[in-house]
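Read the figures in this text as sums done on the coordinates, not as results from a lab. None of these values were measured; they are calculated from a predicted model. A quick note on method: Cβ atoms are made from the backbone with ideal geometry, for glycine too, and the neighbour counts reach across all protein chains shown.
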Amino acid sequence: MSEQRTSGILLHVTSLPSAYGIGDLGPSAYRFVDLLVDAHQTYWQVLPLNPTNLAHGNSPYSSVSAFAIEPMIISPELLVEYGYLDPEDIADHPPFPDDKVDYETVFAYKRSLLDRAWERFRRGSDRRSFDAFCLEHAAWLDPFVLFLALKDEAGGKVWSDWPGELRNRDTGSIEAAWKRHANACERQKFFQYLVFEQWFNLKNHAAGRGVRIIGDIPIYVNYDSVDVWSNPGIFKLDDNLQPTGVAGVPPDYFSETGQLWGNPVYDWQALRSSGFEWWLRRLGHTLHLFDKVRIDHFRGLASFWEVPFGEKTAVNGEWQEVPSDEFFGAVRERFPDLPIIAEDLGFITEDVIELRDRFGFAGMKLVIFAFGEDNPGHPYLPHNYIANAVAYTGTHDNNTVRGWLEEEADEEAVLRLSKYVGHAVTTSSVHADMIRLIMVSVAETVIVPMQDLLGLGAEARMNVPSTANGNWTWRVVPEQLVAETLMWLADQTVRFGRA
């Protein structure tokens with residue numbers, strides 16, 4: 001049975017207002033949930049919550065763990081409310097900008113607060129709920145905290161450059177490392193305990209108000225991650241634990257050399273022989289965190305582009321098959337109700353479409369891509385949508401709708417859009433025009449990035465793919481969350497049967 005018509009807003013947690021330099025799981029997050037309710041929205045979509053780091057531009061798609069959550073989104077105000085800090089501990093803080101994240105300053109400040117909370121906790125707090133959390137999550141939490149400790153001990157080196165006995169996880173050496181780093185490991189466990197506690201309190205508040213949260217799961221993991229270090233057998237690695245093949249996408253209209261991402265690719269035969277257990281645990285964990293999950297680069301679960309390790313471009317890759325029927329059969333057996341959104345953008349072959357439809361996953365439709373050619377049959381034109389789809393104005397990887405009009409759309413594209421909506425589009429109205437187009441469509445779900453709801457330009461985009469600096473920093477300021485905008489969205493939601 002299909003769902004009712006619904007809609008929601010895409011806004012990453014780090015983009016929320018907060019006095020502490022980065023959006024967090026505190027009062028502004030609760031206020032945002034309440035704003036969603038006032039605007040008759042069903043969904044709040046976020047980007048991956050996994051830990052980020054400065055070396056990788058703080059991308060939430062590049063992490064040391066596929067299971068952990070970034071501690072920097074812990075709310076200082078809630079640490080005071082829960083008794084982990086005193087009010088004076090958070091009274092003075094650096095003069096953070098309101099409209100962007102200064103990650104380096106934020107990380108230094110938040111680490112000092114978290115260390116203070118840890119010192120108070122270890123001096124005598126009730127440990128029962130903490131110990132229960134550590135026991136429940138031990139399968140991923142123990143390797144994660146030890147990986148962080150060993151990486152710090154090695155001066156930040158990639159795990160494959162650690163001493164051989166640690167690189168290869170020699171039993172005796174690992175036991176000695178646990179003793180050597182007992183305090184550091186427990187400290188990191190405490191940070192995960194805090195962020196999970198705050199996340200689930202927020203998620204429960206949202207559920208109580210009828211708001212469901214859509215999460216995001218990157219298909220690949222980093223080579224320098226606890227996932228590869230502790231599970232080398234499920235990746236294509238050689239005898240020296242170096243990748244034999246890495247991920248990317250082939251050359252296309254947009255790039256003559258394709259895209260070389262560099263992530264290690266999965267050894268699907270090894271995964272199959274284990275019953276896909278690592279992936280099932282990962283999905284189960286993610287489905288516990290969120291109500292629905294968008295799988296990034298879904299096409300890589302039908303077949304994937306494997307490039308020999310050491311290549312400078314993605315040109316010399318080859319398509320490799322995935323035992324997708326067996327995999328998703330195992331997934332469905334473990335999780336009969338699969339609330340999955342398939343990110344099926346870019347170069348999509350028939351096998352990807354067949355896989356998506358065979359398991360009934362909703363695909364994505366981006367109206368911002370619909371007017372680049374004169375093609376009434378374009379799949380992203382709203383009159384061509386199907387019900388089992390999630391329609392977006394754009395995503396975190398695109399320009400905003402206004403930015404697209406001002407910087408990217410040629411005259412023909414603007415004319416096609418104007419004819420489609422029935423009047424001349426302008427920079428001040430194009431975001432509302434695009435939102436109405438997807439709202440009126442038959443797509444069961446509509447998601448609007450906050451930047452497009454506010455009609456912001458390119459200065460507000462979240463990410464420019466293939467660039468290393470300046471991404472993932474945008475934040476909404478409180479003055480932008482005005483009643484007029486929310487009333488307009490509420491009206492559109494009710495008018496088009498999505499309330």
Worksheet item: Between V421 and E81, what is the FRET efficiency for a Förster distance of 56 Å, r being their Cβ-Cβ separation, to the nearest 0.05?
Response: 0.75
Practice prompt. Select one label from [x] 1.27; [y] 1.11; [z] 0.98: the one whose number is Cα Rg over 2.2 N^0.38 Å as derived from the coordinates shown.
Written response: [z]
Worksheet item: How large is the charge dipole for the chain, taken about the Cα centre, if only the Cβ atoms of Lys, Arg (+1) and Asp, Glu (-1) carry charge, to the nearest 20 debye?
Response: 1140 debye
Item to complete: Show the residues, 5+ positions off or on another chain, whose built amide H is closer than 5 Å to the amide H of H12.
Response: L47
Discussion item. In the chain, if the dipole is taken from +1 on Lys/Arg beta carbons and -1 on Asp/Glu beta carbons about the Cα centre, which of L381, P264, V211 is farthest to the positive end?
Written reply: V211
Practice prompt. Quick one: which residues, 5+ away or cross-chain, put their amide H under 5 Å from the amide H of S63? H built at 1.01 Å from N.
Written response: N222
Worksheet item: Of H423, H378, how do they rank once you tally other Cβ atoms within 10 Å and put the fewest first?
Response: H423, H378
Worksheet entry | Residues whose placed amide H lies under 5 Å from that of G245, excluding near-sequence neighbours | V265, F309
Discussion item. Give me a comma-separated list of calculated 3J(HN,Hα) values for the range 62-68, in order, Karplus coefficients 6.51, -1.76, 1.60 applied at θ = phi - 60°, integers in Hz, x for any Gly or Pro.
Written reply: 9, 9, 7, 8, 8, 10, 6
Discussion item. Helix-only mean residue ellipticity at 222 nm, the chain, DSSP H runs n ≥ 4 weighted -39,500 (n - 2.57), per residue, nearest 500. What is it?
Written reply: -11500 deg cm²/dmol
Fill in: Length gained when the stretch E354-A108 is fully extended (0.36 nm per residue, less Cα-Cα span)
83.8 nm
Response to the item:
If each part is reduced to its alpha-carbon centroid, the range 421-484 and the range 118-181 end up apart, in Å, by 42 Å
Worksheet entry | Hydrodynamic radius by Kirkwood, which averages 1/r over all alpha carbon pairs of the range 234-273, in angstrom | 11.3 Å
Discussion item. Based on alpha-carbon centroids, what's the gap between the range 1-69 and the range 93-116 in Å, whole number please?
Written reply: 18 Å
Discussion item. On a straight-distance basis, which lysines could pair with K157 in a cross-link, Cα separation under 30 angstrom, same-chain partners fewer than 8 positions away excluded?
Written reply: K100, K110, K179, K189, K236, K312
Response to the item:
In whole Hz, the Karplus estimates of ³J(HN,Hα) for the range 115-124 (6.51, -1.76, 1.60; θ = phi - 60°; x where Gly or Pro) are 5, 5, 5, 5, 4, 5, 4, 6, 7, x
Worksheet item: Ordered by residue, what ³J(HN,Hα) values in Hz, to whole numbers, does the range 489-499 give under the Karplus form 6.51 cos²θ - 1.76 cosθ + 1.60, where θ = phi - 60° and Gly and Pro are x?
Response: 5, 4, 5, 5, 5, 5, 4, 9, x, 10, 7
Worksheet item: Dipole of the range 137-208, Cα-centred, from +1 at each Lys and Arg C-beta and -1 at each Asp and Glu C-beta, to the nearest 20 debye?
Response: 140 debye
Worksheet item: By how many nm would the segment from N240 to E119 lengthen if fully extended, with 0.36 nm per residue of separation less the alpha-carbon distance?
Response: 39.5 nm
Worksheet entry | Charge dipole (debye, nearest 20) of the range 345-421; +1 at Cβ of Lys and Arg, -1 at Cβ of Asp and Glu | 420 debye
